[in-house]
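One structure below.
The values are calculated or read from the model by the stated rules, or taken from the named source; none is laboratory data. Small disclaimer: the values here were computed from a predicted structure and weren't measured. Heads up, the Cβs are rebuilt from the backbone with ideal geometry, glycines too, and the neighbour counts pull from every protein chain shown.
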Amino acid sequence: MKRILLVLLLAWPLAVLAQSESQLIERYTALAGSKQNATSLVNGLRDGKEVKLTKGTATETFTPPTGKMGYGNVDHALALAAASLEKKGITQPTPAQLEASLMDVLKMRADGMGWGQIAQARGVKLGDVKRAEKPEHVAKADRPNKPEKPERANRPEKPERPQRPEKPR
């Protein structure tokens, strides 16, 4: 029984990591221009190894200056690079544009800046960028209206509360 439990506990983190990797690849495929590019970005940033982006005959290759990063940090870096590009009106960046934007973010991170500081330097808020990523997020204006409460006029009057007698001191 202990062996089975140990095997399950050791295998569990691998399943979680694979899910995180696949989620990031799916999330950034449109930004990267292809699943192959998104895979190269996520794995290269995660492992601190060379990233290769291709589109047609154009190819860009770079190595992140940050070294290895956790999946959360990979997500922050890509989200901030995407937000920076969107702010410039670029929604489908070339490999060179994506590399330039991402390398700016990564250099700031490698220099010791926090994600909030990097976002501020890029003119965005990290919380806004991260919320915008979530497709299930629905803006308040887009939510269906709550059913209206019955009007006060339709409710019976509440009787007045009797006053409590003062306590003797």
Considering segment 56-84 alone, what residues qualify as being aliphatic (A, V, I, L, M), outside any loop (DSSP other than H, G, I, E, B) and closer than 16 Å to Trp115 by Cβ? Val74, Ala77, Leu78, Ala79, Leu80, Ala81, Ala82, Ala83
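Output the residues belonging to segment 111-133 that are assigned to a helix (DSSP H, G or I) and exposed (fewer than 13 other Cβ atoms within 10 Å of the Cβ).
Of everything in segment 111-133, those that are assigned to a helix (DSSP H, G or I) and exposed (fewer than 13 other Cβ atoms within 10 Å of the Cβ) turn out to be Gly116, Gly127, Asp128, Arg131.
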How many residues of segment 27-39 are farther than 16 Å from Leu85 by Cβ and in contact with a helix residue (DSSP H, G or I) (Cβ under 8 Å, 6 or more places away or on another chain)? The answer is 2
Condition first: part of a loop (DSSP other than H, G, I, E, B), surrounded by fewer than 10 Cβ atoms within 10 Å (Cβ to Cβ) and at pLDDT below 80. Can you find one or more residues in segment 159-166 that meet it? yes
In segment 103-122, which residues are within 14 Å of Leu85 (Cα to Cα) and out of contact with any helix residue (DSSP H, G or I) (no Cβ under 6 Å at 6 or more places or on another chain)? Met103, Asp104, Ala121
Determine whether segment 85-94 contains at least one residue that is among the charged types (D, E, K, R), farther than 23 Å from Ser22 by Cβ, modelled with pLDDT of 95 or more and assigned to a helix (DSSP H, G or I). no
Could you tell me which numbered condition Val105 fails, if it satisfies all but one of (1) part of a helix (DSSP H, G or I); (2) surrounded by fewer than 16 Cβ atoms within 10 Å (Cβ to Cβ); (3) at pLDDT 90 or above? (2)
Within segment 81-135, residues farther than 21 Å from Gly67 by Cα and charged (D, E, K, R) come out as Glu86, Lys87, Lys88, Arg122, Lys125, Asp128, Lys130, Arg131, Glu133, Lys134
Find all pairs meeting these conditions: Cβ atoms under 7 angstrom apart; at least six residues apart or on different chains; first residue within segment 71-90 and acidic (Asp, Glu); second residue buried (at least 16 other Cβ atoms within 10 Å of the Cβ). Asp75/Leu24
